[in-house]
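The values are calculated or read from the model by the stated rules, or taken from the named source; none is laboratory data. Since this is a predicted model, take the numbers as computed values, not measurements. Here Cβ is always computed from backbone atoms with ideal geometry, including for glycine, and neighbour counts include all displayed protein chains.
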Amino acid sequence: MIAFDNINLSMMTTPQLTAMPRPAYDLGFQACEVLKGEISNDNYKKRKQLI
């Protein structure tokens, strides 16, 4: 099993979980950049973005 947010509880389970950190700051920053682009430009080209 895989958990996100790298929680300490994952070390206490049997079998142990694989825990992956979630880059919350980076996700928020990129989301704000997309939102600023959409607000400031009526012709903003929508695109898919892999984070």
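Applying a threshold of 9 Å to beta carbon distances and a minimum spacing of six or more residues, or different chains, the list of pairs starting in segment 1-12 at a residue that is under 18 Å from PRO23 (Cα atoms) and ending at one that is in a helix (DSSP H, G or I) and modelled with pLDDT of 70 or more reads ALA3/LEU9; ASP5/ALA24. For beta carbons closer than 7 Å, sequence separation of 6+ or different chains, a first residue in segment 33-51 that is surrounded by 10 or more Cβ atoms within 10 Å (Cβ to Cβ) and in a helix (DSSP H, G or I) and a second that is among the aromatic types (Phe, Trp, Tyr) and modelled with pLDDT under 70, the qualifying pairs are GLY37/TYR44; GLU38/TYR44.
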